[in-house]
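Q: Following this message is one structure expressed as C-alpha cells.
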Amino acid sequence: MSGGVVLQGLQTVLAVLAAPLLTGWTNQCRARLQGRRPPSLWQSYRVLHKLFHKETVLAEEASPLFQATPYVVFSCMVLAAGIVPMLANDLPFSPVADVIALVGVFALARVFLALAAMDVGTAFGTLGARREMLVAFLAEPALLMVFFTVSLISHSTQLPLMVHVLAHQKFAIYPSLAFAGVAFWMVSVAENARIPVDNPTTHLELTMIHEAMILEYSGRYLALIEWSVALKLFVYAALGIALFVPWGIAPVGEEAALPLALLALVAKMAIGGLVLAVLETLNAKMRLFRVPEFLGTAFLLAVLGMLIHFLLES
Amino acid sequence: MWRMSEITGYQPVVMAWAGVLCWLALALLAIPLRIHKRWLLVGFPLAALVGLWMIAVGVTGLLLPASAQIVPVGFPGLPVHLRLDALSGFFLLLLGMSAFGVSVYARGYFQHMEIGELARLAIWYPVFLAAMALVLLANDAYAFMVAWELMALSSYFLVVSDYRVEEIRKAGFLYLLMAHIGAVALLLCFGVLQGNGHAGDAAFTFSAMRHGVLTPTQASLAFLFALIGFGAKAGLVPLHVWLPEAHPAAPSPVSALMSGVMLKMALYGLLRIGFDLLSVRQEWWGVLVLVLGLMTALYGVIFAAVQSDIKRLLAWSSIENVGLIFTGLGLAIIFSVEGKGGLAALALTAVLYHALNHALFKSLLFVGTGSVLHASGTRLMSGLGGLMRKMPWTGWLMLLGVLAIAGLPPLNGFVSEWLLLQAFLFTPGLNLHYLNMMLPVATASIALVIALAAYVMVKFYGVIFLGQPRNPALKHAHETGMWQRMGMLWLASACVLLGLLPSAVIVLISPAVQQLAGRVLTNDGGWLVLAPMDAARASYAPLPFWLAILAVLLLVYGLVRFRYTDRLRRSAAWQCGFPAVTARMQDSAEGFGQPIQHIFSSFMQVERQFPQPQDRTPHYASASIDQWWHFLYLPIVAAVNWLSRQAARLQHGRIQWYLTYSFITLLVLLVFVQ
C-alpha cells in the first residue's frame, strides 16, 4: 500500500515536471517540419521560469475570482494527472474518480477559466469565453461517448480496469475502438486548443479562442496557466495511450516492469507529439462555425462506435 | 427506532399534520395583522421554523414505518385520510430544506415591499407551503385533489401579487389555465384508478386503489392521464409553455419555491401513482417518459442558453432539470418492468437525488436573482454586470449554486448526474432490442444537455456578476441584507454537503427507493467512496477529491508565493491599443447566446431587430420564440375561436328562431323516447 502511495506521488510529480517537455518537443518537431530553426527542448521551462520571476500586472477591475483561477485550474490538472494511469496501473488514488469524474475535472477547470476571462470585462475576454464554451459543449459529450464506448467493452468506468482489460485481452479487433480512437483524437485537438480548432501561437483577434481568454494574465498567473495547458496536453496524451495503446503500463505490484513502462511512455509520448506536429503542419485552422461540424463529426463517430459495439461485439 | 415508536406512540404523520396546521395558522393570523408590517414580517421566520420541523418529520418518516391517520375535517362523512411513508417523508424533507432557506431569505427580501403586496404575500405564502405538504400527506384522491388545487391557487395568487403589471396578469392567467387542464387530467386518472367500484364508498382512498384490479388498458389509461396531469405541472414539453412565463413573474422567493419545490410535487405524484397505486407497469410507459424527458431536457437547455432575462433563463433551466429527472424515471420504469430491481434502484436514487439537488440549487439561484433584482432594479442582463465587486456575498454564494447546477465536481449536481449516467451505462442487455440501440443515443443526448448546462451557467454568472457594469447606475448597487445572506448560506451549504457526502445521502433516501423499487442501491465503497453496486465498475469519492484539490492548491500557492516574487501591480486592462473601450464592448446576453442560436436555429423562431445606419444609439435585439406556440397552442386557440364562431351562428337574437330550436329539440327527444 505504502509502495503504491509513493508510486502515486512519483507518477504525479513526474507528470507535472515532464509536461512542458512534451510541449517543447511538439514545438521542436513543428519548427523542423516547417523549415524553421527549432527552439531548444527546454524552451518551455525557460518561459515558465521567466514568467514566475516577473512582476504580475493585474487589471484594476480584476476580482479575487480572477486571481484564484490559475491556482484552481492548475490543481485540477494535477488531480487529473493523478487519476490517469501512466506508469503503473491501479494506484491508490484512482478510485477517487472514474472517467466521468475526470471529464468533470476538466469541465471545472474550463468553467473557472471562462469565468475569469469574463471577469475583467474586455471585449476579448468575453469573446474567448464564449468561443471556449462553444467548443467545450460540443467536445465534452463526444469525449464522454468515447469513454462510454470503451467502458462498455471493459464493463467499468474505472480507468485502471479499462486499462487492464484492454491491455490483457486476447488479441481481438474491436471496430468500435477504431471509431472511438478517431473521435478521441479530434476531441483532444479541440480541448487542447490546437490546430485546426484553435492555434496556440496566434494572437489574432479573429481566430483566437484560448489565447483570448488568458489575455489579461501575466507574471506568475500566466506561468501557472501555461503550465496547466502543458499539463492538460500531457494528461490527454496519457489518456489516449491508456485507452488505445495501453501495452507497457506496469500492472499492480510489479515494480520490475516500471523501467520498461517509463521507456514505453517516453516513446509513445514522443511519437504522439510528432504526429500532432505533423497534423498541425498539414492542416490549417478552420473557421469558427466549422468547429461545430468538426466536433459534431467526432460526436457522431463516438456514438457510431457505441452502436457498433452493440451490433457486432455484444 | 421500531421499538421507540411503539413505546412512545410517536407517529410522524401526526407531527407532519401539526406542521401543516402551523403554516395554515400563520396564514390566518396574517389576515387580521395585514396592516402591521412588522408583525407580518415575523411570519416568515416562523414559517422557516416550521420548515425546520418538517425536515425532522421527513427524516423520521424515512426511518420509521409508514403511519396513517384519518382526520375529520371537511364535509361530514368525508374525512381526510393522511399517510406518511418513506416516499412522502423524502419529499417532505426536500420541502423543508428548501422552505427553510427561502423563508429566512424572504424575511429580509419582503421587508422592502409596500404593505398591500406584503399582506397578500404573507397570507398566501404559508398556505402555499401547507398545500404542498398536504399533497405529500394525502392518502385519498379527494384530499389529494383539494391539496393540489390549493397549491395551484395559492401559487397563482403569489404569482399575481404584483397584479398592476399586465404581463404578470397574463402569465398568471396562463398558469391558472394550464394548472386546471392538468387537474382535469388528474381527476380522470383517479376516476380510472377507482376501477369498477368494488371497494364501495371507500373507493377513493389510496389504500383501496392499491388493491384495485385494473386491466392493462385501464392501467395504461390511468398512467397516461397521470403523465398529462403531472407533466403539465412539471413543465414537460409540450406542456411547458406556462413555466417560463409564470415562474419569473412571481416574487423571487416564490419563484424559488415554485421551481425548486412545486415541480417536485409533480414528480412525487407520478411516482406515487406509477410505482405505488399501480401495481403493474408496462415497458412502453418507461420509453414514453424517457423520450419525453430527453426532449424536455434538450429543449429546455437550448432555450435557457438564448434567454436574456435572468429569471426566464432559470425557469428554462428548471425545464431542463425536470427533463433529466423524468429521463431517469423512464429508465427506472423500464428496469423495474424488466425485473432488474438493482438497476431500477440505481435510476430511482439518481432521480430522487437530483430532485433534492435541484430543489436546493434552483432555490439558491432564484433567491439570488432576487437580490440582484433588488440591487439593480432590472431582470435584463443588458443592464447588469460586475456585481461580484459590489455584492461579494451574493456573488460567491451564487457561484456555488452555479457550479452545482452546471454539474461540476465536487458539488451536488455532479453526483446525481453521475448516478444517472451510471444507470445508463449499466443498461446493456435489455429484453427489448430497439431499446438497446436507442439508449446510446439517449446517453449522448444527456451528455450534451449536461455540457450545454455549463454553457448556460457561464453565461448566467459571467454576464451578471463579472465584467464591467453595463449600466452606470450599478455603481450604487448594494449588498443584500443579513436575512438574505443567511438564507442563501443555508441553501449553498446544503449543496456543498450533498456533494461531499453522497454515501450518507444515499443511505438516507434508501427507504424511499426501497419502497418504490423493492430494492435499495447497495454502496460498495463505504462511507467515503460512492460506488453503486460494484466498486470495480465505477466509484467516485468527493471528499478525497476535494481535499486533493485543496491540498494541491495550497501547496502551489505557498510555493509560488514564497519561492518566487509576490510583487503585484494594478493597472488598467489592456485596451487593444484602442482608446475608448467601454462596458458596451463586452458580450451582451444575446451575444453570448448567439452561437447556440446559430447552431440550433431549427429549434426556434428567431426574431431580430437590427439598428438603422442613421441611429444615434444603435440597438440590436433578438428574441427566440418557442415553436410550440405555433405548432400546438395557436392552432388550438384558432380551433376554439372557430368553434365559438360556428356556435354563434345559432344565436340570432330573434325569438322565432329560438322557438324553432325548442321545437326541434322536442321532436328529437320524442323520437328517442319512442
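The values are calculated or read from the model by the stated rules, or taken from the named source; none is laboratory data. Fair warning: this is a prediction, and the values are worked out from it, not measured in the lab. Cβ atoms come from the backbone with ideal geometry, glycine included; neighbour counts cover every protein chain shown.
Q: Only one of (1) assigned to a helix (DSSP H, G or I); (2) under 28 Å from residue B:125 (Cα atoms); (3) out of contact with any strand residue (DSSP E or B) (no Cβ under 8 Å at 6 or more places or on another chain) is not met by residue B:239, so which one is it?
A: (1)
Q: Taking residue B:98 and the conditions (1) small (Gly, Ala, Ser); (2) surrounded by fewer than 24 Cβ atoms within 10 Å (Cβ to Cβ); (3) under 16 Å from residue B:255 (Cβ atoms), which numbered condition does it fall short on, given that it satisfies the others?
A: Here residue B:98 clears every test but (2).
Q: Would you check which residues across the stretch A:278-304 are surrounded by 14 or more Cβ atoms within 10 Å (Cβ to Cβ) and away from chain B (no Cβ under 12 Å) and list them?
A: A:279, A:280, A:281, A:285, A:286, A:294, A:297
Q: On to the next question. Return yes when residue B:439 is modelled with pLDDT of 90 or more, farther than 24 Å from residue A:115 by Cα and assigned to a helix (DSSP H, G or I) and no when it is not. Quick ask: steps written out before the conclusion?
A: On the way: modelled with pLDDT of 90 or more: no; farther than 24 Å from residue A:115 by Cα: yes; assigned to a helix (DSSP H, G or I): yes.
No, not satisfied.
Q: Within the stretch B:1-96, considering only helices (runs of 4 or more DSSP H) that don't extend past its boundaries, which have at least 3 residues that are touching a helix residue (DSSP H, G or I) at 6+ places or on another chain (Cβ under 6 Å)?
A: Hits in the stretch B:1-96: B:12-30, B:37-63.
Q: Can you tell me how many residues in the stretch A:203-227 are without any contact (Cβ under 8 Å) to a residue 24 or more places away in the chain and polar (S, T, N, Q)?
A: Residues meeting the conditions: 0.
Q: A follow-up question, please. Which ones in the stretch A:219-232 are hydrophobic (A, V, I, L, M, F, W, C) and within 13 Å of another protein chain (Cβ to nearest Cβ)?
A: Across the stretch A:219-232, the qualifying residues are A:222, A:223, A:224, A:225, A:227, A:231.
Q: Of the numbered conditions (1) touching a strand residue (DSSP E or B) at 6+ places or on another chain (Cβ under 9 Å); (2) assigned to a helix (DSSP H, G or I), residue B:664 fails exactly one; give the number of that condition.
A: (1)
Q: Anything in the stretch B:295-308 that is surrounded by 24 or more Cβ atoms within 10 Å (Cβ to Cβ) and farther than 18 Å from residue B:622 by Cβ? List them, or say none.
A: Selection gives B:296, B:297, B:299, B:300, B:301.
Q: Would you check which residues across the stretch B:622-658 are assigned to a helix (DSSP H, G or I) and exposed (fewer than 10 other Cβ atoms within 10 Å of the Cβ) and list them?
A: Within the stretch B:622-658, B:636, B:644, B:645, B:646, B:647, B:648, B:649, B:655, B:656 qualify.
Q: Out of A:276, A:233, A:222, A:262, which single residue is of a type outside the set (Phe, Trp, Tyr) and either over 20 Å from the mean Cα position of the chain (by Cα) or within 26 Å of residue B:566 (Cα to Cα) (or both)? Don't jump to the end; show me each part of the working.
A: Numbers: A:276 fails: either over 20 Å from the mean Cα position of the chain (by Cα) or within 26 Å of residue B:566 (Cα to Cα) (or both); A:233 fails: either over 20 Å from the mean Cα position of the chain (by Cα) or within 26 Å of residue B:566 (Cα to Cα) (or both); A:262 fails: either over 20 Å from the mean Cα position of the chain (by Cα) or within 26 Å of residue B:566 (Cα to Cα) (or both).
After applying the criteria, what remains is A:222.
This table checks each residue for (1) at pLDDT below 90; (2) surrounded by fewer than 23 Cβ atoms within 10 Å (Cβ to Cβ).
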residue	(1), (2)
A:67	no, yes
A:73	no, no
A:88	yes, no
A:104	no, no
A:114	no, no
A:121	yes, no
A:134	no, no
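Q: In the stretch B:536-575, how many are over 30 Å from residue A:89 (Cβ atoms) and within 7 Å of chain A (Cβ to nearest Cβ)?
A: 12
Q: Among the candidates A:194, A:220, single out the residue that is out of contact with any Asp or Glu (no Cβ under 7 Å at 6 or more places or on another chain) and of a type in the set (D, E, K, R).
A: Only one candidate qualifies: A:220.
Q: Just one of the numbered conditions (1) among the hydrophobic types (A, V, I, L, M, F, W, C); (2) out of contact with any Pro (no Cβ under 8 Å at 6 or more places or on another chain); (3) more than 30 Å from residue A:120 (Cα to Cα) is not true of residue B:631; which one?
A: (2)
Q: Need the failing condition index for residue B:598 against (1) outside the structural domain of residue B:505 (by TED's automatic domain parsing); (2) surrounded by 18 or more Cβ atoms within 10 Å (Cβ to Cβ); (3) in a helix (DSSP H, G or I); (4) out of contact with any Leu (no Cβ under 6 Å at 6 or more places or on another chain), just the number.
A: (2)
Q: In addition: Answer yes if at least one residue in the stretch B:578-597 is at the interface with another protein chain (Cβ under 7 Å from one of its Cβ atoms) and more than 19 Å from residue A:120 (Cα to Cα), and no otherwise.
A: Yes.
Q: Let me ask another. Given B:213, B:192, which one is in a loop (DSSP other than H, G, I, E, B) and β-branched (Val, Ile, Thr)?
A: When all the criteria are applied, what remains is B:213.
Conditions (1) touching a residue at least 60 places away in the same chain (Cβ under 8 Å); (2) among the β-branched types (Val, Ile, Thr), marked per residue:
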residue: A:75; (1), (2): no, no
residue: A:100; (1), (2): no, yes
residue: A:113; (1), (2): yes, no
residue: A:117; (1), (2): yes, no
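Q: Which of the residues that make up the stretch A:184-218 are among the charged types (D, E, K, R) and either touching a strand residue (DSSP E or B) at 6+ places or on another chain (Cβ under 6 Å) or within 14 Å of chain B (Cβ to nearest Cβ) (or both)?
A: A:191, A:205, A:211, A:216
Q: Considering only residues that are without any contact (Cβ under 8 Å) to a residue 12 or more places away in the chain and within 14 Å of chain B (Cβ to nearest Cβ), which ones fall in the stretch A:29-49?
A: Of everything in the stretch A:29-49, just one residue is without any contact (Cβ under 8 Å) to a residue 12 or more places away in the chain and within 14 Å of chain B (Cβ to nearest Cβ), namely A:49.
Q: Being among the β-branched types (Val, Ile, Thr), modelled with pLDDT under 95, closer than 23 Å to residue A:138 by Cα and assigned to a helix (DSSP H, G or I) narrows it down to one residue among A:195, A:241; which is it?
A: A:241
Q: As an exercise: evaluate residue B:144 against (1) over 19 Å from the mean Cα position of the chain (by Cα); (2) crowded, with 23+ Cβ neighbours inside 10 Å; (3) under 23 Å from residue B:161 (Cα atoms); (4) not acidic (Asp, Glu) and give the number of the one condition it does not meet.
A: Evaluating residue B:144 over (1) over 19 Å from the mean Cα position of the chain (by Cα); (2) crowded, with 23+ Cβ neighbours inside 10 Å; (3) under 23 Å from residue B:161 (Cα atoms); (4) not acidic (Asp, Glu) leaves (3) as the failure.
Q: Looking at this structure, is residue A:262 surrounded by 15 or more Cβ atoms within 10 Å (Cβ to Cβ) and without any contact (Cβ under 8 Å) to a residue 12 or more places away in the chain?
A: no
Q: Then there is this: In the set A:143, A:127, which member is in contact (Cβ under 8 Å) with a residue 12 or more places away in the chain and closer than 25 Å to residue A:309 by Cα?
A: Going through A:143, A:127 in turn, the sole match is A:143.
Q: Can you say whether residue B:319 is β-branched (Val, Ile, Thr), closer than 18 Å to residue B:246 by Cα and either surrounded by fewer than 24 Cβ atoms within 10 Å (Cβ to Cβ) or in contact (Cβ under 8 Å) with a residue 40 or more places away in the chain (or both), as far as the supplied structure shows?
A: Yes.
Q: What's the number of the only condition in (1) facing chain A (nearest Cβ under 8 Å); (2) polar (S, T, N, Q); (3) over 30 Å from residue B:475 (Cβ atoms) that residue B:602 fails to meet?
A: (1) is the only condition that residue B:602 fails.
Q: Mind listing just one residue for me: the one in the stretch B:459-488 that is among the polar types (S, T, N, Q) and away from chain A (no Cβ under 14 Å) and, of those, surrounded by the most Cβ atoms within 10 Å (Cβ to Cβ)?
A: Only one residue fits best here, namely B:484.
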